[in-house]
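Please read the structure below before turning to the comments.
The values are calculated or read from the model by the stated rules, or taken from the named source; none is laboratory data. Remember, it's a predicted structure, so these values are computed and weren't measured experimentally. Because the Cβ atoms are built from the backbone with ideal geometry, glycine has one as well, and the counts that use them run over all protein chains shown.
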């Protein structure tokens, strides 16, 4: 089942929740809508589910225009951010709901519910009410409930948003494995980059109701289409620069930049892991002063003062490199900058 | 090294917090005693004594007289009419209350705040005025009264008028109970039901109704109690025709005006029993409403 969205637009009063959004989800694909709050991700999901009507544009599932079908007829599985489980029904009846309203025979309902209870590993919890479950268990019940009537597509709104970090990590892996088993076309909304990258095949980066970039996790991370994507996906050093002749001048430092020919003032973006530190002066390196070294889970974060640039920079080192350098607060080091990026369309001032 | 020090600091904080909390809530014993005594004396003087007086007066001439008073044909007819009026008015207000609270809690529409305010109108307006409005509309000199009379329909001094007046004075009760319940619960579960393939009616029966049932029942109890006890509005439209258009409260008044004190209090004791039953029902249901 493919999803095809063309020029979808939705206003709430003067606020443009969606502004000509187009995207494709291939059959069996798992796509993440990634963006900050207010970027239109949830609105897009609600339009696909039939809970909102677009002002303009079309959405099709397998070529069928959704405008011709009510929410009820679409047979779309939707998992709400706060699950929206029926609080007065137990786990069994929550999962059975979609089949009960379709008046399916009792034996068929029972077989399907048991199959899903096994899938979410909550067989012994069928008589519990939602209030008697943990967050992660409710999440899985919501998913089973959405899957019960064998929906054509599955939509998940911030599926792990309300859970604590450890449960979230577990469920991510579980969702990915589940998708690999049942190959259901899936769209999920998240504001968490790690979550999008870990679970999805393709990532749609959204901002202010517009699609900024669509690509695989590696593509959007390695080749961000613009400064918004660059900033949103992880930390970045942003430096004011003079641009021209394929070069950027930042204070006393000159860097080669690929194929930019535009205005003379602009911004240069460098990821913290593209800042290289050495103890001895290397070719083209400039002096820097270590302000603070912070150990993080993946390595060291080093805050640097760089007089030649007239600015502070963040540098990320892996553990091995960090240990080899033996950095301490107040040390003097040398740094060189790699993979500096400049974007033709720069929202810069807006942030 | 750090952990014990932190533990000690927490102990200190707790040591300071405890006396502060005690000082804030513990009034001197004599203040407590006076406040409690005032409350009990007030309830005794204004509730228990009159309540006891009703039953004392009702049974003054013995059980037999009590039985005669409440099995008198006029009294029985008043009981029947009271229950009939409530049996029509309460379901009407259940339908209206669900519709109004659904509209107010779920939708944003022009006139929403006006509708919310108007629901309270019967509580603000004197019931006598409400009754007079219906006389103005449906009476012999009224706006649509003559047309109705021409078609053989009598509203004023008949059952329809009593039902109309009862419905009017009791319509806030169900809606007012349900609006906060529906607002607190939000629409997400209904949305989930629709996406899962339920029709509007299935969604209402399977999701909305179970969620609001205790609030609804609470509203129904309040509504019923008021419907059976209503005096002012019904008095204006009923015409006090003994055995035909007298409800229980009106019958009590007539007996009282005819100096039949014992009979008046005997019939009044029926109303008191109904009120006490609704009080017990409210206690029980109110706890369930809070739990949902």
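Computed quantities for the displayed model
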item: Positions within the range A:56-78 being facing chain B (nearest Cβ under 9 Å) and touching a residue at least 24 places away in the same chain (Cβ under 8 Å), in sequence order; result: A:74, A:75, A:76, A:77, A:78
item: Qualifying position, being more than 28 Å from residue A:194 (Cβ to Cβ) and in the same structural domain as residue A:134 (by TED's automatic domain parsing), among A:12, A:80; result: A:12
item: Boolean, residue A:170 is surrounded by fewer than 18 Cβ atoms within 10 Å (Cβ to Cβ) and in contact with a helix residue (DSSP H, G or I) (Cβ under 8 Å, 6 or more places away or on another chain); result: yes
item: Scope the range A:198-233; condition surrounded by 18 or more Cβ atoms within 10 Å (Cβ to Cβ) and assigned to a helix (DSSP H, G or I); matching residues; result: A:199, A:217, A:220, A:227, A:228, A:229, A:230, A:232
item: Subset of the range B:69-101 (residues that are free of Cβ contacts under 8 Å to residues at least 60 places away in the same chain and over 18 Å from residue B:278 (Cα atoms)); result: B:71, B:76, B:80, B:95, B:99
item: Among (1) surrounded by fewer than 20 Cβ atoms within 10 Å (Cβ to Cβ); (2) at pLDDT 90 or above; (3) over 17 Å from residue A:6 (Cβ atoms); (4) touching a strand residue (DSSP E or B) at 6+ places or on another chain (Cβ under 7 Å), the one test that residue A:81 misses; result: (2)
item: Matching residues in the range A:146-174 - criterion: being closer than 24 Å to residue A:198 by Cα and either assigned to a helix (DSSP H, G or I) or more than 24 Å from the chain's Cα centre (by Cα) (or both); result: A:146, A:147, A:165, A:166, A:167, A:168, A:169, A:170, A:171, A:172, A:173, A:174
item: Residue in the range A:48-69 that is nearest to residue A:213 (Cα to Cα), counting only those that are touching a helix residue (DSSP H, G or I) at 6+ places or on another chain (Cβ under 8 Å) and not in a strand (DSSP E or B); result: A:48
item: Search result, residues across the range B:109-125 that are in a loop (DSSP other than H, G, I, E, B) and surrounded by 11 or more Cβ atoms within 10 Å (Cβ to Cβ); result: B:120, B:125
item: Lone qualifier among B:197, B:186 - being facing another protein chain (nearest Cβ under 7 Å), farther than 15 Å from residue B:289 by Cβ and free of Cβ contacts under 8 Å to residues at least 40 places away in the same chain; result: B:197
item: Index of the failed condition, residue B:252 passing every other in (1) away from every other protein chain (no Cβ under 14 Å); (2) closer than 28 Å to residue B:286 by Cα; result: (2)
item: Selection status of residue A:28, closer than 30 Å to residue A:137 by Cα and away from chain B (no Cβ under 14 Å); result: yes
item: Criterion (out of contact with any helix residue (DSSP H, G or I) (no Cβ under 9 Å at 6 or more places or on another chain), under 22 Å from residue A:174 (Cβ atoms) and either facing chain B (nearest Cβ under 9 Å) or surrounded by fewer than 18 Cβ atoms within 10 Å (Cβ to Cβ) (or both)) met by exactly one of A:115, A:126; result: A:115
item: Residue satisfying all of: in the range B:171-181; more than 18 Å from residue B:130 (Cβ to Cβ) and crowded, with 22+ Cβ neighbours inside 10 Å; nearest to the other protein chains (Cβ to nearest Cβ) among these; result: B:178
item: Residue B:98 being at pLDDT 90 or above and over 17 Å from residue B:158 (Cα atoms); result: yes
item: Residue within the range B:223-231 that is over 24 Å from the mean Cα position of the chain (by Cα), surrounded by fewer than 22 Cβ atoms within 10 Å (Cβ to Cβ) and either in contact (Cβ under 8 Å) with a residue 12 or more places away in the chain or within 14 Å of another protein chain (Cβ to nearest Cβ) (or both) present; result: no
item: Odd one out for residue A:101, checked against (1) under 18 Å from residue A:186 (Cα atoms); (2) within 12 Å of chain B (Cβ to nearest Cβ); result: (1)
item: Pair list, Cβ under 8 Å, 6 or more apart: the range B:111-138 residue without any contact (Cβ under 8 Å) to a residue 24 or more places away in the chain, other residue not in a helix (DSSP H, G or I); result: B:136/B:142; B:136/B:143; B:137/B:143; B:137/B:144
item: Of all residues making up the range A:139-186, the number that are away from every other protein chain (no Cβ under 14 Å), at pLDDT 90 or above and in contact with a strand residue (DSSP E or B) (Cβ under 7 Å, 6 or more places away or on another chain); result: 3
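The rows are residues; the columns are (1) more than 9 Å from every other protein chain (Cβ to nearest Cβ); (2) touching a residue at least 60 places away in the same chain (Cβ under 8 Å).
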position	(1), (2)
B:204	yes, no
B:210	no, no
B:218	yes, yes
B:233	yes, yes
B:239	yes, yes
